[in-house]
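Report on the structure given below.
Since every read-out is calculated from the coordinates, none of them should be taken as a lab result. What you see is a predicted model; the values in this text were computed from it and never measured. Counting neighbours? That spans all protein chains shown, and the Cβs are built from the backbone with ideal geometry, glycine included.
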Amino acid sequence: MLKYKGFTLIEILVVMGIIVFFTGLVLVNYKTGGNKFALQRSVNKLAQDIRRAEQMAMSMKKFSCSSGELRGYGIKFDKTLTTYNYKIWAKCNSSNEETTIDGAIEKGVSISELNSKKSGSPDAFYDIFFVFFYPPDPNVDFEDIDGNNIDADIVEIILEVKDSSFPSMSITINKAGLVEIE
């Protein structure tokens with residue numbers, strides 16, 4: 001009696017079918033997972049840059065204002081731009097001046113909403129607004145594009161993946177300078 005060691009053609013085909021099936025599952029979810037991680041990275045980078053602007057204000061990092069003295073630092077959020085979505089600004093006595101620090105959100109992720117919230121009032125929505133931090137205490141001002149103070153307890157920046165069914169993620173900043181990711 002001869003004993004052959006090896007695999008039959010059916011066994012090999014079954015194993016190959018299982019490998020193809022699992023490879024297909026991974027490839028289908030690969031782009032979806034990449035978009036989810038891009039959103040998470042973008043939200044974390046944005047929160048880190050907000051804290052960076054706050055730290056620059058608290059330490060009064062040097063900046064040469066063309067109009068008066070430096071008062072603090074902040075971030076301008078602009079959901080209408082595609083090249084960058086936020087930029088760190090210096091708050092001088094009589095003007096806001098751009099720094100060289102741009103903030104780009106990852107490709108495929110965008111700011112979907114900029115809004116302010118005040119208890120007892122409906123939310124207000126913006127295309128552009130500023131958040132400024134002032135030393136020595138973490139005093140915070142919210143301003144619209146015209147430099148008018150926004151009367152709000154918190155502002156919220158909502159990011160989403162374009163053309164996706166993922167839930168959006170948001171960053172809130174309150175009047176005390178607390179930055180939270182939700």
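Could you give the length gained on full extension between Ile101 and Lys3, defined as 0.36 nm per residue of separation minus the Cα-Cα distance, in nm?
Working: separation 98, 0.36 × 98 = 35.28 nm, distance 7.36 nm.
Taking Ile101 through Lys3 to full extension adds about 27.9 nm, to one decimal.
Taking each residue as 0.36 nm, the span from Thr23 to Ile10 lengthens on full extension beyond its C-alpha to C-alpha distance by 2.7 nm.
What net charge do the residues around Lys79 carry, taking every other residue with its C-beta under 14 Å from that of Lys79, with Lys and Arg at +1 and Asp and Glu at -1?
On the way: positive: Lys76, Lys87, Lys162; negative: Asp78, Glu113, Asp127, Asp144, Glu156, Glu160.
Once positives and negatives cancel, what remains is -3.
Here is the list for the range 1-83: GluC sites (Glu not before Pro) lying in DSSP coil, each with at most 12 other C-beta atoms within 10 angstrom of its C-beta, are Glu69. For the range 19-25, 3J(HN,Hα) computed residue by residue from phi via the Karplus equation (6.51, -1.76, 1.60; θ = phi - 60°) reads 4, 5, 4, 5, 4, x, 4 Hz, glycine and proline entered as x. Given their separation in residues at 0.36 nm each and the Cα-Cα distance between them, Lys45 and Ala176 gain 45.1 nm when the chain is fully extended. Taking Cα centre as origin and charging only the Cβ of basic (Lys, Arg, +1) and acidic (Asp, Glu, -1) residues, the dipole magnitude of the chain rounds to 1120 debye. Counting charges near Leu46 (Lys, Arg +1; Asp, Glu -1) among other residues having Cβ under 14 Å from its Cβ returns a value of -3. As a calculated quantity, the FRET efficiency between Ser66 and Asn139 at R0 = 25 Å, using C-beta atoms, amounts to about 0.60.
In order along the range 34-40, the Karplus-derived 3J(HN,Hα) couplings, from 6.51 cos²θ - 1.76 cosθ + 1.60 at θ = phi - 60°, round to x, 5, 5, 5, 4, 5, 5 Hz, and Gly and Pro are given as x.
Would you mind getting me the FRET efficiency between Thr82 and Ala124? Use the beta-carbon distance for r and R0 = 25 Å, nearest 0.05. Result of the calculation: an efficiency of 0.55.
Kirkwood analysis of the Cα pair distances in the chain returns a hydrodynamic radius of 18.9 Å.
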